[in-house]
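This report concerns only the one structure given below.
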Amino acid sequence: MDFDFTPFPVLETERLTLRALNLNDAKSIFGLRTNKEVNEFIDRKTPRNLSEARAFIDRISKLTSANKGVFWVLESKSNHQLVGTIGLRNFEDEEDYAELGYEIDPSYQQKGFMSEAFDVVLEYGFNQMELKTIEAFTHKNNTASIALLEKQKFVFEPEIKDEGFENNISYRLKA
Ligand SMILES: CC(C)(COP(=O)(O)OP(=O)(O)OC[C@H]1O[C@@H](n2cnc3c(N)ncnc32)[C@H](O)[C@@H]1OP(=O)(O)O)[C@@H](O)C(=O)NCCC(=O)NCCS
């Protein structure tokens, strides 16, 4: 699969602009990735300071420039705040396959924002990138994430394991 994320594919929804991450986002990214509620079901390394948040942004920018991942910031159209992120990565694992990751600030949850972001990212993944399978791994007790995935017609795959994350379950959506 040969993807090209230059120029960056900015996506629009009714209330959100999905744009590239940049170093001006360091403070917001630090806040989001260190938020206890956001991290409740996510097993990941959190930045300890702004400089680690900047290093994360740098890694994401390099991944996107190398066309190995695409990571959008969810920016609210009404107040221009960074409210969440969504991304596709791990392309090389399987043919026409990508893994989806997503998070949104607690004060913006349960307002339909991530459903809006999913609509345009899934459309982009299946129609522009021509993916055949998009997978999301989620903690088995992450009811919010499971509700979102099921609403988006992802299918639970009981046979699939997330190596190294024994509490995660797999949901897949096929083109
Ligand atoms: C999972 C998450 C992204 C959902 O985002 P969101 O913007 O709140 O989702 P939406 O408002 O679009 O809701 C989508 C559906 O899920 C349901 N839902 C959302 N949060 C829910 C919750 N806490 N409990 C039950 N259902 C929930 C909504 O009711 C909606 O279904 P409906 O339209 O039938 O009512 C958000 O909770 C989050 O960022 N959590 C922390 C990070 C995380 O766990 N990311 C996933 C890692 S795999």
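All of the numbers you see were taken from the coordinates with simple rules; none came from a lab. Fair warning: this is a prediction, and the values are worked out from it, not measured in the lab. Neighbour counts run over all protein chains shown; Cβ positions are idealised from the backbone, glycine included.
Would you mention how many residues in segment 122-148 are in a loop (DSSP other than H, G, I, E, B) and either touching a Cys at 6+ places or on another chain (Cβ under 7 Å) or among the acidic types (Asp, Glu) (or both)?
Within segment 122-148, the subset in a loop (DSSP other than H, G, I, E, B) is 129-132, 140-142.
With the extra rule that they be either touching a Cys at 6+ places or on another chain (Cβ under 7 Å) or among the acidic types (Asp, Glu) (or both), the set shrinks to 130.
Total meeting the criteria: 1.
Scanning for something closer than 23 Å to PHE165 by Cα, under 16 Å from the mean Cα position of the chain (by Cα), surrounded by 15 or more Cβ atoms within 10 Å (Cβ to Cβ) and not polar (S, T, N, Q), does segment 104-116 turn up at least one residue? Steps first, answer last, please.
Of the residues in segment 104-116, the ones closer than 23 Å to PHE165 by Cα are 104.
Now narrow it down to the ones that are under 16 Å from the mean Cα position of the chain (by Cα): 104.
Still in the list and also surrounded by 15 or more Cβ atoms within 10 Å (Cβ to Cβ): 104.
Adding the requirement that they be not polar (S, T, N, Q) leaves 104.
Yes.
Condition check ((1) closer than 24 Å to THR138 by Cα; (2) among the hydroxyl-bearing types (Ser, Thr, Tyr); (3) touching a Leu at 6+ places or on another chain (Cβ under 9 Å)) across all residues:
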position	(1), (2), (3)
VAL10	no, no, yes
LEU18	yes, no, yes
LEU32	yes, no, yes
ILE42	yes, no, no
ILE104	yes, no, yes
SER107	yes, yes, no
GLY112	yes, no, no
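Which residue pairs have Cβ atoms closer than 6 Å, lie 6 or more positions apart in sequence or on different chains, and pair a first residue in segment 159-175 that is within 18 Å of GLU95 (Cα to Cα) and free of Cβ contacts under 8 Å to residues at least 40 places away in the same chain with a second residue that is surrounded by fewer than 16 Cβ atoms within 10 Å (Cβ to Cβ) and hydrophobic (A, V, I, L, M, F, W, C)?
Cβ pairs passing all conditions: SER170/ILE160; TYR171/PHE156; ARG172/VAL155.
Looking at GLU130 and the list (1) away from the ligand (no atom under 14 Å from the Cβ); (2) over 15 Å from VAL70 (Cα atoms), which single condition is not satisfied?
(2)
So which residues in segment 142-175 are within 15 Å of the chain's Cα centre (by Cα) and more than 25 Å from GLU130 (Cα to Cα)?
Within segment 142-175, just ALA144 meets the criteria.
Could you check segment 75-96 and list, in sequence order, the residues that are more than 15 Å from the chain's Cα centre (by Cα) and either part of a loop (DSSP other than H, G, I, E, B) or more than 14 Å from the ligand (Cβ to nearest atom) (or both)?
Applying the first criterion (more than 15 Å from the chain's Cα centre (by Cα)) to segment 75-96 yields 76-81, 92-96.
Once the filter is applied, which keeps residues that are more than 15 Å from the chain's Cα centre (by Cα) and either part of a loop (DSSP other than H, G, I, E, B) or more than 14 Å from the ligand (Cβ to nearest atom) (or both), segment 75-96 yields LYS77, SER78, ASN79, HIS80, GLN81, GLU92, ASP93, GLU94, GLU95, ASP96.
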